[in-house]
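Readers should treat all values here as calculations from the given coordinates under stated rules, not as data from a laboratory. Every value quoted in this text rests on a predicted model; they were computed, and no experiment measured them. All Cβ positions, even for glycine, are placed from backbone atoms using ideal geometry, and neighbour counts span all protein chains on display.
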Amino acid sequence: MKKYKILDSDKYSFGEYSLTSIRNEDIMSIAKWRNEQIDILRQRKILNEQDQKNYFERIIWTAFDYEYPDQILFSYLNGNTCIGYGGFVHISWEDKRGEVSFLLDTKLTKDEDMYENLFTTFLVIIQQIAFESLKFNRIYTETFDMRPNHISILEKNGFKLEGRLRSQIISMVYFMIL
């Protein structure tokens, strides 16, 4: 298994859940989940198998070798089963901050309580990585205003509303945590 140079470990855990450096075996599941949930992503078109493989080959796998990658992605595991993925994108190493990205297996998003538990666990682990391993000063995220449960979970986990973009097709909400 590959590990990002910048990280002190390739696996971070909380209970039975863990984040591990993104695994090749998970990328087609990720493409499927992204396509199924395109309405909540900044993705403009359906991904096909070749799109996904090309993106990971050109962007993701090369980032493992960088001292300071632009993004760090993890497979989100329950035991050894991938249930989602996420990490940090749009990283500013100079400012020691990154945007949190998160997507769960579509089947697991249907039950709001389960979604809250799984997203909260992810946030606990990702904050540990951000502030203890990477020594970030700040993490932030954005989401569509039409996702009240997602927004509530962010707020319960210490994220503060930073602003709203209203002059768009769909309103975006920005959150940060220091």
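List of remarks:
- Residues Val124 and Lys32, FRET efficiency given R0 of 25 Å [Cβ-Cβ distance, rounded to 0.05]: 0.45
- Packing-based ranking, highest mean first, of 113-119, 10-16 given that Cβ atoms within 10 Å are counted: 113-119, 10-16
- With a cut-off of 20 Å on the backbone N, the residues of the range 49-67 near the modelled label site 7 Å out from Val89 along Cα-Cβ are 49-66.
- Gyration tensor (alpha-carbon) shape descriptor, the chain, a/c threshold 1.5: rounded
- In a reduced charge model with +1 at each Lys and Arg Cβ and -1 at each Asp and Glu Cβ, the range 87-145 shows a dipole moment near 280 debye about its Cα centre.
- Helical mean residue ellipticity (222 nm; -39500 (n - 2.57) per DSSP H run of 4+; nearest 500) of the chain: -7500 deg cm²/dmol
- Local charge for Leu118 was computed over the other residues whose Cβ lies under 13 Å away, with Lys and Arg +1 and Asp and Glu -1, and equals -4.
- Rounded, prolate or oblate (a/c below 1.5 giving rounded, otherwise prolate when a/b exceeds b/c) for the range 80-161 by Cα gyration tensor: prolate
- Think of the range 1-87 as having a plus end and a minus end, set by charges on the Cβ of Lys, Arg, Asp and Glu; of Leu19, Leu77, Asn35, Asn35 sits farthest toward the positive end of this dipole.
- Taking 7 Å steps out from each Cα toward its Cβ at Asp70 and Lys96 produces label points 2.4 nm apart.
- Each Cα pair under 8 Å and six or more residues apart adds its sequence gap; the mean of these over the residue count of the range 1-60 is a relative contact order of 21 percent.
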